[in-house]
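Engineer: For reference, the structure I am asking about is given below.
Any read-out appearing in this document is the output of simple, stated calculations on the displayed coordinates, not a laboratory observation. All figures in this text were calculated on a predicted structure; none of them were measured in a lab. When we count neighbours, we look across all protein chains shown, and the Cβ atoms used for this are built from the backbone with ideal geometry, even at glycine.
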Amino acid sequence: MKPLRINIDSYFEKECGAALARCVSARPPKTLWHYTDGRGVEGIVRTNEFWGTEAYYLNDRSEFATARNQISDVYSRFPSGEREKLMPFLENYHDRQRTCHEGGWTAFVVSFSAAEDLLSQWGYGGGNAYSLGFDATKLEQVDQGWRLMPVIYKSEVHEQLIREYFQIALRAFDEFSSAGKPGEVKTAIQDQLMSHMIQITPILKNSSFEREEEFRLILDARAPFHKRQLGYRQGAFCLIPYAIYRVSPLLPLTSVYFGPTPLPWEKRRALYILLMHFKQFEAAEDIRCSKVPLRAGGV
């Protein structure tokens, strides 16, 4: 990598990291919960793997559209002179974002919640849902390009973070304008702005989801596809790409909830056998049934 690129990359990493720290203050609780179905429980426990879904295939398909609209809205409120300076970074924004994704710049996401027994989540497994409790301090220590981040629900904080990223790009253009050829400087800054915007997109969520108290394990957006460990699962209408994060020797699994069921004894027993089989002894001693009442026909 050329020295100019290295310097611009380091500048954005430092400045965007500081902006993110100013906007995100939420800390994870002691335990974070991952909701999944029976197949997911068996796969996670058997393989010690998390599967991070490619962000375009998350359940809420409006997330990227929400972020794009907010980015455009924040940009429109900059003074005209600054909008002119930002234009090189935003020119053909939607095409540029698609190009980044096709080139391998995207985000892969594993979702967790601070709430262990959330009514809205129990429908996920079609009557066979589980909530896996993980030691959050160990999730924060993950590597391989993954990072644990809290979801931001307040639109004013979304706008603040986006605004700060634009301001960082403006300062970078001023600082590095004489450090290389104008076209090279413009491209390097535009790449970094796009990369960091894509990285925060999965944590900008509509306030209507605030009760989920979500945290997300997110894979760095900049690694090209051919350098990732990827898999593909069958969705309802298409294949769904996912990135694999393997924990060794064991996942930091501490407890398990199972959703409302007419067969609590059978469900607890099956979970106990599964967890003991794969040496998840701590979790096997803390299996609980949801306190949400069972309704006729489902949750």
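Engineer: How much mean residue ellipticity at 222 nm does the chain get from its helices, if each DSSP H run of length 4 or more adds -39500 (n - 2.57) and you divide by all residues, to the nearest 500 deg cm²/dmol? Before the final figure, lay out the partial values.
Structural biologist: On the way: 10 runs with 129 residues, N = 299.
Using -39500 (n - 2.57) per qualifying helix, the result is -13500 deg cm²/dmol.
Engineer: Nearest 5 is fine: what % of DSSP beta bridges in region 3-289 come out antiparallel, could you say? Can you show the working numbers first?
Structural biologist: Numbers: 36 of 40 bridges.
If we restrict to bridges inside region 3-289, about 90 percent are antiparallel.
Engineer: Each residue of region 75-85 in order: what ³J(HN,Hα) in whole Hz does its phi give by Karplus 6.51 cos²θ - 1.76 cosθ + 1.60, θ = phi - 60°, with x for Gly and Pro?
Structural biologist: 4, 5, 9, 6, x, 4, x, 6, 4, 5, 6
Engineer: Taking each pair of different alpha-carbon atoms in region 3-289 once, compute 1/r for the pair, average those values, and report the inverse of that mean as the Kirkwood hydrodynamic radius in Å to one decimal.
Structural biologist: Evaluated on region 3-289, it is 20.4 Å.
Engineer: At R0 = 45 Å, how high is the FRET efficiency between Tyr272 and Phe78 if r is their beta carbon distance? Nearest 0.05 is fine.
Structural biologist: Plugging the Cβ-Cβ distance into 1/(1 + (r/R0)^6) gives 0.20.
Engineer: Give a residue-ordered list of calculated ³J(HN,Hα) values for region 271-281 (Karplus: 6.51 cos²θ - 1.76 cosθ + 1.60, θ = phi - 60°; whole Hz; x for Gly, Pro).
Structural biologist: In residue order, the calculated couplings are 5, 4, 4, 4, 5, 5, 4, 9, 6, 8, 5 Hz.
Engineer: If R₀ is 41 angstrom, what is the calculated FRET efficiency for the pair Arg171 and Thr137, using the beta carbon separation as r and rounding to 0.05?
Structural biologist: 0.70
Engineer: Calculate one ³J(HN,Hα) per residue across region 62-73 by plugging θ = phi - 60° into the Karplus curve 6.51 cos²θ - 1.76 cosθ + 1.60, and present them in order as whole Hz with x for glycine and proline.
Structural biologist: 7, 4, 5, 5, 4, 5, 4, 5, 5, 4, 5, 5
Engineer: Rank the residues Met197, Met149, Met276 as a footprinting-exposure proxy: fewest other Cβ atoms within 10 Å of their Cβ go first. Each step should come with its number before you reach the end.
Structural biologist: Working: Met197 24, Met149 21, Met276 13.
So the ranking, lowest neighbour count to highest, is Met276, Met149, Met197.
Engineer: Report the FRET efficiency, 1/(1 + (r/R0)^6), for Asn59 and Ile244, where r is their Cβ-Cβ distance and R0 is 30 Å, rounded to 0.05.
Structural biologist: FRET efficiency, Asn59 to Ile244: 0.90.
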